[in-house]
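Engineer: Take a look at the following structure, please.
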Amino acid sequence: RAALRNTKIPKINLVPGELDGEMEFELSDDPLDCTRLEMHNIPICVSLTKIGNYYVIDPSAEEESCMSMQLTVAVDKDGNFCSMSKSGKGAID
């Protein structure tokens with residue numbers, strides 16, 4: 001999250017291109033001419049990984065290498081589901 005707070009997005013303008021009707025992106029060269037990401041609506045992601053007959057929440061890379069399946073859920077600050085993703089084989093028992 002700290003990396004996202006420090007992320008700067010350069011200012012971009014649309015300008016007419018060389019061909020009729022074509023538009024091009026123009027990036028500002030000024031390092032101070034930028035915006036920061038809004039951080040107030042960033043969801044929280046939690047992963048549930050199945051290893052054998054056990055479940056691990058937010059597994060390490062080593063634990064992920066042993067998994068048979070993984071479910072990742074993202075929720076916002078109000079508890080609304082933003083995303084759900086399942087990988088691997090099998091079902092959640």
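The values are calculated or read from the model by the stated rules, or taken from the named source; none is laboratory data. All values reported here derive from a predicted model rather than from experimental measurement. All Cβ positions, even for glycine, are placed from backbone atoms using ideal geometry, and neighbour counts span all protein chains on display. Accessible surface is based on the protein model in full, side chains and every heavy atom, while ligands, DNA and RNA are left aside. Shrake-Rupley method; radii C 1.70, N 1.55, O 1.52, S 1.80 Å.
Engineer: Keeping all protein chains in place and using 1.4 angstrom, which order do THR35, THR49 fall into by accessible surface area, from largest down?
Structural biologist: Result of the area sort, largest leading: THR35, THR49.
Engineer: In 5 Å bins starting at 0, how do the alpha-carbon pair distances of the chain split up by percent?
Structural biologist: The distribution over the chain is 3, 11, 14, 11, 11, 10, 10, 10, 8, 6, 4, 1, 0, given as percents.
Engineer: Which lysines have a Cα less than 26 Å from the Cα of LYS8, not counting those fewer than 8 places away in the same chain?
Structural biologist: Counting by Cα, and skipping residues close in sequence, LYS8 has these lysines nearby: LYS77.
Engineer: Please find, in a Gaussian network model of the chain (springs between Cα atoms separated by less than 10 Å), the residue of GLY21, GLY79, GLY52 whose mean-square fluctuation is greatest.
Structural biologist: GLY21
Engineer: Tell me, what % of the accessible area of the chain is carbon and sulfur with a 1.4 angstrom probe?
Structural biologist: Ligands and nucleic acids excluded, carbon and sulfur reach 55 percent.
Engineer: Mind checking which lysines have their Cα closer than 27 Å to the Cα of LYS11? Skip sequence neighbours fewer than 8 apart in that chain.
Structural biologist: LYS11 reaches no qualifying lysines.
Engineer: Another question, then. Within the set of other residues whose C-beta is less than 15 Å from the C-beta of ILE12, count the net charge using Lys and Arg as +1 and Asp and Glu as -1.
Structural biologist: Its environment carries a net charge of -2.
Engineer: Rounded to whole Hz and in sequence order, give me ³J(HN,Hα) for the stretch 76-93 from the Karplus expression 6.51 cos²θ - 1.76 cosθ + 1.60, θ = phi - 60°, writing x for Gly and Pro.
Structural biologist: 8, 5, 8, x, 7, 5, 9, 7, 8, 9, 10, 10, x, 9, x, 10, 7, 8
Engineer: Whose amide H sits under 5 Å from the amide H of CYS82, counting only residues 5 or more places off or on another chain, with H placed in the peptide plane?
Structural biologist: Under 5 Å from the amide H of CYS82: ALA74, VAL75, ASP76.
Engineer: Under the Karplus relation 6.51 cos²θ - 1.76 cosθ + 1.60, θ = phi - 60°, what is the ordered set of whole-Hz ³J(HN,Hα) values for the stretch 12-29, x standing for Gly and Pro?
Structural biologist: With the stated coefficients, the stretch 12-29 comes to 10, 10, 8, 10, x, x, 6, 9, 4, x, 8, 10, 10, 8, 10, 8, 5, 8 Hz.
Engineer: Just the accessible area per residue of the chain, please: how many Å² with a 1.4 Å probe?
Structural biologist: Normalised by residue count, the accessible surface of the chain is 81 Å².
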